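The values are calculated or read from the model by the stated rules, or taken from the named source; none is laboratory data. Since we're looking at a predicted model, the values are computed, not measured. Note: ideal-geometry Cβ built from the backbone for every residue, glycine included; neighbour counts use all protein chains shown. The area values use the complete protein model at the heavy-atom level, side chains included, leaving out ligands, DNA and RNA. Shrake-Rupley method; radii C 1.70, N 1.55, O 1.52, S 1.80 Å.
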Amino acid sequence: MILRTLSLLRSLQGASHTAQEARATVQQACDYRWLCRQLPGGVITDADTRLNDGTPAVAITLAYPATPERLAGGRWPEAPEEREGCFVEGDHACRAAGAPAYRTLESLSRGVAEGAAAVLTDAARLAYLIERGALRLTWRRPEALPYRRLPAPATAGQGLFLLTLKVPARSDEVELDGAWLDRTLDRYRRILPRPASR
């Protein structure tokens, strides 16, 4: 099953796609699907922000209790004031917030179950977000939440992790579900200028 998945990924991306690259692609796809499943718990916290390429965007924030396991996943300072000044970006932000770490059998078998093309599409969607600086994780004390509408998890004794996702959309377009995120990212990925041929 694993070899079949790797073969499918290689055939779609070319012979130079190594097993390590294939695993990284599947991990990105798994991270993206995790993010989609988390989206219904989010709150719009900034209706007028921008991606790092200047595209107008909406910021959606999700809150997670800063459990010892999540805190152990990074080098967070001990002092709360210093910790609040730190952040994690990109796919590392998803992992620090609780996205499951790569599991070879489970993750690669998804490529067979759903098709390698779906895996590549999901990985490309996450890559789009990473390249545009759209994912950031910060730590906050429960009493210092910057957004009043954000519900604090009941088990927030060691603080909260706030995962902020910027999506190229208007606030009146936002639907907090994975299908909406898929459609929105695909629309913006299609209108990007194509790289010049070498």
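Checking each residue in region 60-104 for being surrounded by fewer than 19 Cβ atoms within 10 Å (Cβ to Cβ), among the aliphatic types (A, V, I, L, M) and touching a strand residue (DSSP E or B) at 6+ places or on another chain (Cβ under 9 Å) picks out only Leu71. Evaluate the following for Arg37: is it part of a helix (DSSP H, G or I), under 17 Å from Trp180 (Cα atoms) and open to solvent by 30 Å² or more (accessible area, probe 1.4 Å)? Spelling it out, Arg37 is indeed part of a helix (DSSP H, G or I), under 17 Å from Trp180 (Cα atoms) and open to solvent by 30 Å² or more (accessible area, probe 1.4 Å).
Scanning region 42-59 for residues that are buried (at least 17 other Cβ atoms within 10 Å of the Cβ), of a type outside the set (Ser, Thr, Tyr) and assigned to a strand (DSSP E or B) yields Ala57, Val58, Ala59.
Looking at Leu145, is it modelled with pLDDT under 95, touching a Ser or Thr at 6+ places or on another chain (Cβ under 9 Å), over 21 Å from Val26 (Cβ atoms) and surrounded by 14 or more Cβ atoms within 10 Å (Cβ to Cβ)? No. Regarding region 12-34, can at least one residue be identified that is closer than 16 Å to Leu162 by Cα and modelled with pLDDT of 85 or more? Scanning region 12-34, I find at least one residue that is closer than 16 Å to Leu162 by Cα and modelled with pLDDT of 85 or more, so the answer is yes.
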